[in-house]
Amino acid sequence: MAIGYLIIQARTAHDAVPLKGVQIRILNDEGRSVYELTTDESGETQAIPLETLSRDFSQNQYYIGTPYLSYDVYARAAGFHSLHVSDIPIFEEETAVLPLTLLPMEETQRSPMQAEISVGKPAVAMKQARNQEGTTAESPYILRQVVIPNPITVHLGAPASYASNVQVSFPDYVKNVASSEIYPTWPDAALRANIYAIITFALNRVFTEWYRSRGYNYDITNSTAYDQYFIYGRPIYESISRIVDEIFNEYVRRRGQDSPYFTSFCNGTTATCQGLSQWGTVTLADQGQSPIQILRSYYPKDIEIAETNIITGVLSSYPGTPLQTGSRGLNVQTIQTYLNRIRQNYPAIPVITDEAGVFGASTKAAVTKFQSIFNLAADGIVGKSTWYKISSLYAGITRLAELDSEGTSLGIGTVPPDSVLRQGSLGPDVITLQYLLNVISEYYPGIPAPSQNGSFDAGTRESVIAFQQMMGLDPDGIVGALTWRALYDIYLGIEQNVPLPGPGTDTIEYVVRQGDTLWLLSRRYGTTVDAIKRLNGLTGDLLNIGQVLRIPSSQVNPYFEYTVRQGDTLWLLSRRYGTTVDAIKALNGLSSDMLNIGQVLKIPAQ
């Protein structure tokens, strides 16, 4: 009997919070339990061997049976709703990585509900016709540049259907679609050709604003009749994941054009089309053709592979060359700073003791462990995929810390406001509403995060409607007593049930600056050198610029840090956090009111 593998990863808040101790039960297709285990401190299990069929079956388009064995996974954890993922295909010599996104229970709930996800056969094995329509021609709705939408918004149904949207990172979206469309056992050239088509199809939808120009609030659907297959919460295969990490920002275009070509496709057997034949790519790969040769067999002969480095939602762009042992400079220091902060949530990552900006043995060890945890090639080299994963995870973790600080400043409490809010409303209750929706959106991917500007705008209304639909309330976009109570139940449930790693309430985070010593820090914060060393696992007194320390503090931190977002002004921030423009300017040494997106401000704590 052939063997395949399954790894389970239980995390929440876009991977920012690992869930330790989640109870996992795996059943075979006869309903018999074959494994019972729990997740570790990084929220994952070891690779679990599972019986399956020979990979040869999934490489043969004429095989009429199911070319794999399927398994079910049940997951449960205290304070979270349970999850059942059924019909997970396992292939010989392939490792499937199953992400478990567990949703926190509401404050008032006493017993969990069970969410259901059905995976089943990939689109290549389906008989339904595909009717993909699109364009690469110029139109009033075409963007000026090809950008990677990170996240991308996916509608879980046909256009105009009553279905929810989810937001996922673009690499994860491509991995999901490729795992949902084709078999992971195909030759490398066939996998790459299909993945290029999948990436380009999605970027074409974004570039031409295919759905948004028609009034829809999403980028693409998961309907195979119109777009490409996407199953939220399904497992991803490592053979596909490795390729996507390498090429997720590369796409197909015609020479002399910037726009992504409309790369339509179908399976080529039970469904035919003008574009790429998925099964045909296997035949051509077996004949020795390269990915670009395969693509030119179905699309115009003058197509080429292009690259875009414009990626939304990323703190800093990839420097262009890999960082590795011996590398030096600001980019190395950036990665060290990010990893030291991520380590507070993922303590399995070893502490970095190298000099700031110097890529030494401890930096390599931290990078290697990070790659292992997040299913990247564990080579200790910070290439494109590792850089963007570190950057996006750091942004997610610091975003949670920022939201926690905002909640303290706003004084959310446990009793909802008694106001009724609708589009056009202004004031502090709108800020409270937007804050609650921002927190909830971190844990519920179907809720878009509105801008926190104190104005009940169209984006806030969209977020409210999505929340009301999730809660089974009348989706009228008006926040009355029932919606307020539901918002607070979800928010307080998150506070009660989600384990927040990192510093406790009696510690602060501190980024080491030039001239700092342990003795000076201990005097500044009313503690001792030994207490700081013990809390951070330090064996010596050496500090590195950019190093993140946890400081046991007997004082109230006089400020918290805030990352400037689009639409922020000093006046809005002063109103939001109960301070003054002059106080913010004085604390940050600002001489003007100008702010830059991504700028980190110190906000006086109230």
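With respect to the conditions (1) over 22 Å from the mean Cα position of the chain (by Cα); (2) part of a loop (DSSP other than H, G, I, E, B), residue 314 falls short on a single one, namely (1).
Selection of helices (runs of 4 or more DSSP H) fully inside the stretch 379-476 by the criterion of at least 2 residues being closer than 24 Å to residue 174 by Cα returns 384-410, 428-443.
Could you say which residue among 348, 365, 306, 356 is buried (at least 17 other Cβ atoms within 10 Å of the Cβ), in a loop (DSSP other than H, G, I, E, B) and among the small types (Gly, Ala, Ser)?
Result of the check over 348, 365, 306, 356: 356.
Quick check on residue 259: is it crowded, with 16+ Cβ neighbours inside 10 Å and either in a helix (DSSP H, G or I) or without any contact (Cβ under 8 Å) to a residue 24 or more places away in the chain (or both)? For residue 259, the condition - crowded, with 16+ Cβ neighbours inside 10 Å and either in a helix (DSSP H, G or I) or without any contact (Cβ under 8 Å) to a residue 24 or more places away in the chain (or both) - is not met.
Would you pick out the residues in the stretch 470-500 that are touching a residue at least 24 places away in the same chain (Cβ under 8 Å), crowded, with 17+ Cβ neighbours inside 10 Å and farther than 14 Å from residue 439 by Cβ? Residues satisfying the conditions are 470, 477, 478, 479, 484.
Taken as a whole, the condition of being within 24 Å of the chain's Cα centre (by Cα), within 29 Å of residue 81 (Cα to Cα), touching a residue at least 40 places away in the same chain (Cβ under 8 Å) and surrounded by 20 or more Cβ atoms within 10 Å (Cβ to Cβ) applies to residue 440. Looking across the stretch 467-493, the residues that are among the aliphatic types (A, V, I, L, M) and closer than 15 Å to residue 414 by Cα come down to 481, 482, 486, 487, 490, 492. Just one of (1) farther than 28 Å from residue 393 by Cα; (2) assigned by TED's automatic domain parsing to the domain that holds residue 247 trips up residue 199, so point out which. With respect to (1) farther than 28 Å from residue 393 by Cα; (2) assigned by TED's automatic domain parsing to the domain that holds residue 247, residue 199 is out only on (1). Residues in the stretch 70-93: is at least one without any contact (Cβ under 8 Å) to a residue 24 or more places away in the chain and part of a loop (DSSP other than H, G, I, E, B)? The answer is no, given that none of the residues of the stretch 70-93 is without any contact (Cβ under 8 Å) to a residue 24 or more places away in the chain and part of a loop (DSSP other than H, G, I, E, B).
Return the total of residues in the stretch 106-138 being under 30 Å from residue 499 (Cβ atoms), among the hydrophobic types (A, V, I, L, M, F, W, C), over 21 Å from the mean Cα position of the chain (by Cα) and surrounded by 13 or more Cβ atoms within 10 Å (Cβ to Cβ). Don't jump to the end; show me each part of the working.
The initial filter retains those residues of the stretch 106-138 that are under 30 Å from residue 499 (Cβ atoms), namely 106-119.
From the residues that got through so far, the ones that are among the hydrophobic types (A, V, I, L, M, F, W, C) too are 113, 115, 117, 119.
Add one more test, that the residue is over 21 Å from the mean Cα position of the chain (by Cα), and what stays is 113.
Checking the rest, the ones that are also surrounded by 13 or more Cβ atoms within 10 Å (Cβ to Cβ) come to none.
Final tally of qualifying residues: 0.
Can you find a residue that is of a type in the set (Ser, Thr, Tyr), within 25 Å of residue 89 (Cα to Cα), touching a strand residue (DSSP E or B) at 6+ places or on another chain (Cβ under 9 Å) and not in a helix (DSSP H, G or I) anywhere in the stretch 196-213? No - not one qualifying residue is present in the stretch 196-213. Residues of the stretch 315-343 that are touching a residue at least 40 places away in the same chain (Cβ under 8 Å) and aliphatic (A, V, I, L, M): 315, 323, 335, 339, 342.
The values are calculated or read from the model by the stated rules, or taken from the named source; none is laboratory data. Predicted, not measured: the structure shown is a model, and the values here were computed from it. All Cβ positions, glycine included, derive from the backbone under ideal geometry; neighbour counts span all protein chains shown.
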